[in-house]
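Just so it is clear, none of the values below were taken in a lab; they were calculated from the coordinates. On a predicted model such as this, the values are computed, not experimentally measured, just so you know. Note that we place each Cβ from the backbone using ideal geometry, even for glycine, and neighbour counts take in every protein chain shown.
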Amino acid sequence: MLVEKHERPLRSFLARSVGAQHADDIAQEAFLRAWRAAGQYDGRARYSTWLTRIAWRCRIDLLRKERPAEPPEQAVEGGNSIEVEDMLARLSESERAALVLCEGHGWTHGEAAELLSLPLGTLKSTVARAKSKCREMWSRGDE
């Protein structure tokens, strides 16, 4: 039941932050680690926040194994336009993650800051910078 509830948003976040080619593997590893560590969930954060933090750590582990990292896949997924995917790919990793969490998945700035291990002010600045870059790319018609 928890997998059914959290699988789609987690895979969507991962696809946008690391690319669709790695999202399924990372999500699967995150669910396995969450199952093994279920007793460690203390309820201080939403379950989705705890699970996404595990997935974020799995993602970091994958990147360490695969240096140099491959560029994100530019495939269109679930009705997202190529332009949006391209803009996200042009953002830095931290900008992309912060923007997708806060604007794409509706996380609070506090939740996203905790997940990304950033001070709240830094997270807010990162989201604002990402939005500004996207607006600039959109107005220039970058493809």
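Counting neighbouring Cβ atoms within 10 Å and putting the fewest first, the residues R16, R53, R36, R96 line up as R36, R53, R96, R16.
Springs between alpha-carbon atoms under 10 Å, Gaussian network over the chain: tell me which of I54, I26, I82 tops the mean-square fluctuations. Comparing I54, I26, I82 in a Gaussian network model of the chain, the most mobile one is I82.
Cross-link reach is defined here as a Cα-Cα straight distance under 27 Å, omitting same-chain residues fewer than 8 places apart; for K133 the lysines meeting it are K124. Residues T126, T108, arranged from fewest to most other Cβ atoms within 10 angstrom of their Cβ, appear as T108, T126. A helix-only calculation puts the chain at -22000 deg cm²/dmol for mean residue ellipticity at 222 nm, using -39500 (n - 2.57) for each DSSP H run of at least four residues, averaged over all residues. Residue separation of H105 and K5 scaled by 0.36 nm, minus their Cα-Cα distance, works out to 34.6 nm of gained length. In this simple spin-label approximation, Q40 and S94 carry label points 7 Å from Cα along the Cα→Cβ vector, and these lie 2.4 nm apart.
Evaluated at 37 °C with a viscosity of 0.692 mPa s, what Stokes-Einstein diffusion coefficient in µm²/s does the range 2-140 have when Rh comes from the Kirkwood expression over alpha-carbon pairs? Roughly 212 µm²/s, to the nearest whole number.
Going from the fewest other Cβ atoms within 10 Å to the most, the residues C58, C134 appear in the order C134, C58.
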